[in-house]
Each structure stands twice: as structure tokens, then as C-alpha cells.
Amino acid sequence: MKRTLIAALLITSLAACSMNYEQTPSGLSYKIFKGKGTQKPKAGEFIKFNVEFKLMDRDSVLQSTFGHVPGYGPVDTSKRSEYSFMEIIPLMSVGDSAVVSMNIDSLKNKKMIQGYDELFVKGQVMVAKVKLLQVFKDEKAVMADYEKAMEEEKNSEIKAIEDYLAKNNLKGVKATNGTYAVIENAGDPALKADSGKKVSVMYRGRLLATGHEFDTNLDSSKGHTEPLEFVVGAPGMIPGFSDGLPLFGKGGKGKLYIPAFLGYGQQRQGNEIPAFSNLVFDIEVKDVTDAPAQPVNPMQQQMQEQMQRMQQQKQDSTEKK
């Protein structure tokens, strides 16, 4: 009731200031703040932008690219862009900023969200803050810029972990791809948690920035206490786990500091893990065993047998000559 009332008051407040807002044909309310640029994006071109989504009745940011990897995409002037911030992009110039207001009820009616839930409630308003950074003529230029931005993001995430370790006088060992391990007990060197090994792990996962605990099997607070079992390097686990675990053996204990690009990256995980979150896991390796043999794919086996027959025929033909 209180949340709905706050949202209603915010909507009323926005309506009272409607003289400052424009409206698109689809009903989207927006205001553009002019920068110094003059270049406008055109259909067929590509844009680089920052965007931040926030619900007006709470303080938390749903998602933001500001300070991280910007968004990239084609300039869309079709109906697909209606009632999203992309609808006003052709009205902006490089360097312009904008505020866009979207009603949750309208998003639901337009089937742009699945429905009301704990996050999106009736009567809410979602606000997007947008800044248009650059316009590209072709995809090749987009990819070159994106790869550069990704490399900068990776370096920034690793530096944040290194700064945290230094600030807290922690000695970390850097794994192959960028995960850092603070080793309390290295465990059995003869039973390393190497790639391809099946491991049994107890863990507690937290956000490095805030210390918020998002999952654990060390107690029943998250509804499960069984060891986590998986094959190191196999799909299904965040890459940082497979990157850092080979630094431990059976009985090993310590912490894994995982940069976001080896965690969940740009993807927000529900209400627990924001996008671009560096993670820290308290881990204990309970067991390390050989991974079970994988079932043979019949089609793959037939192809292998056919290749072997072809190689044998080629060898026999060579010997006859």
C-alpha cells in the first residue's frame, strides 16, 4: 500500500512537471538535455551509449552501464523501438543526455515485461537515464570499439580486486585468467582440483563491493547445505570458479576473488547480484576425484569410425604405391 501510494505521488509529480517533458507517439515521456555535439544517428548506423534504469519508488539501480562497458546497437526506427529509450535516439545528437519515464503498467500491457512481481509492481514508474556517446557507420567499427571497451573493463575489475587485497593486507595468488586466491590451506598437492577433475566444494558467495551474501551451502540460510559437485572447466559454472580452484587440492581452504567478467559479467542475477559485480567466495575443497566417463554420442562415434576408415584406406593406398 505504501509503495503504491509513493509511486502514485511520483506519477502525479511527473505529470505536474509535464511541461518540461516531450512525448513520443507511443506515449513515452522524455526530456533531452543538449550537449555540444551535432551529429545525429541515422537508420542503418550504430550507436554507443550509456544507460541506467531505476525505479522511482526505491533507491536501488536496476542496471547501469555508466562506468562500465557501454551499450552498443543499431539505430532502430521501427515499431520495435516503441516505448523504450531507443525510440528517442534519432532525436538526440552525440553528447546529448536524456531522461525517459516508463510506466510499469504500460510495459505490462505492451508485453514488454512478463507481469507484476516483487520488483515490478502496479503503479510504478521506471526511469532511464541515457547518454549518447558515439555513432558508427558499420559493424566493423562497432566491434573494434567494443573489444577495446571490454579490455578496459577487465583491467578495471582486476585492479579493483588488487586494490582491495592491498588495502586489506591480503596476499593473493593470481590464477591463469584473472581470479585471485587467498590460500589459507593449499590442500593435498597430489589431489589438485585441476581442469577435468570432479570436485566437491563448500562455499559462501558475497559481493566484493558491499559484502552482501547471495548464496551459501555452509549453513541453511539459503535453503541448501549439500556440497556443490561439478567438473572443473565444464560448462555450467562461472569461469572464475574453474580458474581459481586448481590452486587448491583436496582439503584446501581459502577465498576466491573473482572479477565480474569471470563471474556474471554484464548480466544482473535477480535482486542479489547487480551487473558488473566482482565476487568473493569462501571455499573449502572437500574432495577431488576423477570425473566419470562421459556417454559416447552415437553420431560422433560414427563420424570418428568413418574418419579412421578413410585414414586407413589412404594409408593402404600409399603402401601399395
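The angle between the Cα long axis of helix 2-16 and the longest principal axis of the Cα atoms of the chain comes to about 50 degrees, rounded to the nearest 10. Protein heavy-atom surface of the chain, 1.4 angstrom probe: 52% of the accessible area is carbon and sulfur, with nucleic acids and ligands not counted.
Quick check: from the Cα gyration tensor, does the stretch 198-261 come out rounded (a/c under 1.5), prolate or oblate? Because a/c hits 1.5 or more and a/b fails to exceed b/c, the stretch 198-261 counts as oblate. Excluding same-chain neighbours fewer than eight residues apart, the lysines reachable from residue 250 by a Cα-Cα span under 26 Å are 171, 174, 192, 197, 198, 222, 286. Toward the positive end of the charge dipole of the chain, with +1 on the Cβ of Lys and Arg and -1 on the Cβ of Asp and Glu, the farthest Cα among 179, 70, 95 is that of 95. Amide H contacts of residue 248: 193, each under 5 Å away and 5 or more positions distant or on a separate chain (H built 1.01 Å from N in the peptide plane; Pro and chain starts excluded). For the chain, the dipole from Cβ point charges (+1 on Lys and Arg, -1 on Asp and Glu) about the Cα centre works out to 720 debye, to the nearest 20. Would you work out which of 265, 212, 124 lies farthest towards the positive end of the dipole of the chain? Charges go on Cβ: Lys and Arg +1, Asp and Glu -1. Comparing the listed Cα positions along the dipole, 124 ranks first. Shape class for the stretch 146-194, computed from the alpha carbon gyration tensor (a ≥ b ≥ c): oblate, with a/c not under 1.5 and a/b at or below b/c.
Step through the table entries 111/154; 31/111; 54/108, compare each Cα-Cα distance with 26 Å, and write down the pairs that go over it. Cα-Cα > 26 Å for 111/154; rest within.
Taking the chain as the reference, fit the longest principal axis to its C-alpha atoms, fit the long axis of helix 139-167 to the helix C-alpha atoms, and give the angle between the two in degrees, 0 to 90, nearest 10. Between helix and principal axis, roughly 70 degrees.
Set against the labelled values (1) -0.71, -1.01, -1.52; (2) -0.90, -1.06, -1.24; (3) -0.72, -0.97, -1.34, log10 I(q)/I(0) by the Debye sum over Cα atoms at q = 0.11, 0.13, 0.16 Å⁻¹ computed from this structure falls on (2). Please find the FRET efficiency linking residue 43 to residue 99, where r is the Cβ-Cβ separation and R0 is fixed at 22 Å, and quote it to the nearest 0.05. Calculated value: 0.35. Would you work out if the stretch 29-119 is rounded, prolate or oblate? Take a ≥ b ≥ c from the square roots of the eigenvalues of the alpha-carbon gyration tensor; rounded if a/c is under 1.5, else prolate when a/b is larger than b/c, oblate otherwise. Judged from the Cα gyration tensor, the stretch 29-119 comes out prolate (a/c at least 1.5, a/b above b/c). The aspartates and glutamates within cross-link reach of residue 42, meaning a Cα-to-Cα straight distance under 18 Å and a gap of 8 or more places when in the same chain, are 76, 82, 87, 96, 138, 139.
The values are calculated or read from the model by the stated rules, or taken from the named source; none is laboratory data. Values in this document were obtained by computation on a predicted structure and should not be read as measured data. FYI the Cβ positions are ideal-geometry reconstructions off the backbone, even for glycines, and counts take in every protein chain you see. Protein only, heavy atoms only, side chains kept; ligands, DNA and RNA dropped before computing areas. Shrake-Rupley method; radii C 1.70, N 1.55, O 1.52, S 1.80 Å.
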